[in-house]
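Reviewing the structure listed below.
The values are calculated or read from the model by the stated rules, or taken from the named source; none is laboratory data. The structure displayed is predicted, hence computed values, not measured ones. Cβ: placed from backbone, ideal geometry, glycine included. Neighbour counts: every protein chain shown.
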Ligand SMILES: *Cc1c(COP(=O)(O)O)cnc(C)c1O
């Protein structure tokens, strides 16, 4: 079986360095908020090209804390609206509703799978406070258009960069295009920890300070609480492991790009709709998502031929039971995407033989 994503193999590349990092933390006797987190935050901020990085417990918390900080700063309040793509992973939307704000869903562009900027303006109301851009599958949203709409209406922009570490537009990286960005280091993400982890990047000093405090019980100074915060911190251990993996991120992105280029050049089955690419340096190929009409049939065929696939995602947020009030929304592009998408295996450790096999078998699919 060709695995969809072989995490064991990915991390095994760095066994010695990861073990050294583990030993360093074990022997330090200091496991929360120490030198490892500080060092990783500096390195990741530098990598993204932002002034600040705040390590948090996971990607969902990163997004929740950004909005929560804007509430503490009086920029947003209960009942305000945030514009978000309708076809995102549920976490983007949870971060908005968890804060008592309203997610306003906008259809994506069928060729990029990212929010369609031409549909944003008609969704702006006096209650709109922000646009959350999601760089879905590792491909940057159209940040130039999004930022120009935001500045016209005086809105904040938040990036959900959980799938896009290292993606860029014109050399400017994901996480540096907005007021604040949320990253996830969930093990399967392009920069994955060996457990949960996340981060916020921002250039805003005040936001940095409030988010840092909010994630640490609302405290800057032990036993002094300025906010009713939560406990959402990146562990020393995960930070140490992430510092190792960050060194290899660009190399891993290049390997993913190589696989994606092979697929794009050599998959030529008319039944399969390939992802479109403007300039490939933007895309970090967290996922390689194709569309087919009879998805289940296609997945069964690949599985019979020992190729594992996954669907990102089978049910759109507005059709989830958790969002019953959104169930009646009419979002045909989002629904079409959710019915047709299939993710082929892509990873930095997929071998050339495996890529050849996948291409060969996909090309022989008869619909
Ligand atoms: C993974 C992901 C998140 C959430 O990250 P966690 O670390 O799993 O909480 C948020 N948004 C998107 C688009 C994601 O893919």
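Miscellaneous remarks
- Residue match in the range 158-167 (condition: farther than 30 Å from residue 345 by Cα, touching a helix residue (DSSP H, G or I) at 6+ places or on another chain (Cβ under 6 Å) and within 16 Å of the ligand (Cβ to nearest atom)): no
- Counting only strands (runs of 3 or more DSSP E) wholly contained in the range 133-252, the ones carrying 2 or more residues that are surrounded by fewer than 21 Cβ atoms within 10 Å (Cβ to Cβ) occupy 219-221.
- Some residue of the range 111-120 being surrounded by fewer than 20 Cβ atoms within 10 Å (Cβ to Cβ) and farther than 29 Å from residue 314 by Cα: no
- Pairs, first assigned by the TED database to the domain that holds residue 215 in the range 30-43, second assigned to a loop (DSSP other than H, G, I, E, B), C-beta under 7 Å, six or more apart: 32/233; 33/233; 37/234
- The lone criterion from (1) at pLDDT 95 or above; (2) within 21 Å of the chain's Cα centre (by Cα); (3) under 30 Å from residue 328 (Cβ atoms) left unmet by residue 49 is number (3).
- Taken over the range 121-132, the criterion of being out of contact with any strand residue (DSSP E or B) (no Cβ under 7 Å at 6 or more places or on another chain) and in a helix (DSSP H, G or I) is satisfied by 121, 122.
- Members of the range 275-300 that are buried (at least 17 other Cβ atoms within 10 Å of the Cβ), in contact with a helix residue (DSSP H, G or I) (Cβ under 8 Å, 6 or more places away or on another chain) and not in a strand (DSSP E or B): 275, 283, 284, 285, 286, 287, 292, 295
- Every listed requirement among (1) without any contact (Cβ under 8 Å) to a residue 60 or more places away in the chain; (2) under 17 Å from residue 64 (Cβ atoms) is met by residue 151 save one, (2).
- Enumeration of residues in the range 313-342 that are touching a strand residue (DSSP E or B) at 6+ places or on another chain (Cβ under 7 Å), under 25 Å from residue 1 (Cα atoms) and surrounded by fewer than 19 Cβ atoms within 10 Å (Cβ to Cβ): 340
- Checklist (1) more than 16 Å from the ligand (Cβ to nearest atom); (2) outside any loop (DSSP other than H, G, I, E, B); (3) at pLDDT 95 or above applied to residue 269, failing item: (2)
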